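Working notes for the structure below.
Every number in this text was worked out from the coordinates using simple rules, so none of it is lab data. Remember, it's a predicted structure, so these values are computed and weren't measured experimentally. As a convention, Cβ positions derive from the backbone with ideal geometry for all residues, glycine included, and neighbour counts pool all protein chains shown.
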């Protein structure tokens, strides 16, 4: 059993490393920090350019512990017999790590924001105003700082991305936690709504909506592999990580699947089984706003135990009843 557990741990670590590489666009997350100027070239309009970054595999357990300390509700629901496979322990740390949510908790919080490159004040304020669009219903807000922010934004090449929720605390201070390639004051307002608000959703801990099982099940994998390879040069591992790997519904704090959510990719009908597109969202919709207000409520916060608490021990093991049938 020990050898089996070790093999399972090694396999999970390897899977995490592959997923991290795929999520990071094939780049090693351990590579050195970027040094340079902001890019003036925006990614091709209409393309799928958000690729949420993942931490190096060695930090997954530590990041999960951080997330649960900040917000106990982040703990995954590992009920009786849940997530068991081949006799492995459900409490295996790496398995818990990959099922842990990254929300900041219901208490009001201000996250500081700084920019990696020299950025005009009007551009900083414009980006910040769109980040704070979530604050209409949520108790989390974003404020500029002249120092090093909790959220660190770069406009260099690399597309659009953000690390997920509390994971940003584990990013070295000389690295960005969010990338908004080529954003300037000339960028259309529609792109500010579509991109900045989407990436801020990731910073708030929200995963991609199109990775909900009900939406993933609409996609034809063979068609998806072909289309993403031809259109974006994505290999199979990247398509699996960014499009086809459905989220564990039991570990989610969420609304029913919503293809018009700001957190949902726009996916064409040529890759779906029924030929109908997954429309995706271009701005925060009513459901997004309501959900943000639910997980980050304004006003008095009622004490609420973590979902996983239902399975904690209520007495010492020595008091267990020996039942003979």
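General remarks:
- Net length gained if the chain between residue 136 and residue 229 were fully extended (0.36 nm per residue, minus Cα distance): 29.6 nm
- In nm, spacing of pseudo-spin labels at residue 222 and residue 294 (7 Å Cα→C-beta vector): 3.8
- For the listed peptides 115-127, 60-72, a ranking on the average number of other beta carbons within 10 Å per residue, highest first, reads 60-72, 115-127.
- Projected label points at residue 58 and residue 237, each 7 Å from Cα along the beta carbon direction, are separated by 1.8 nanometres.
- Ordering of 180-192, 129-141 by burial proxy (mean other Cβ atoms within 10 Å per residue, highest first): 129-141, 180-192
- 17 Å cut-off, amide nitrogen to a point 7 angstrom out along residue 274 Cα→Cβ, residues in region 218-233: 218-221
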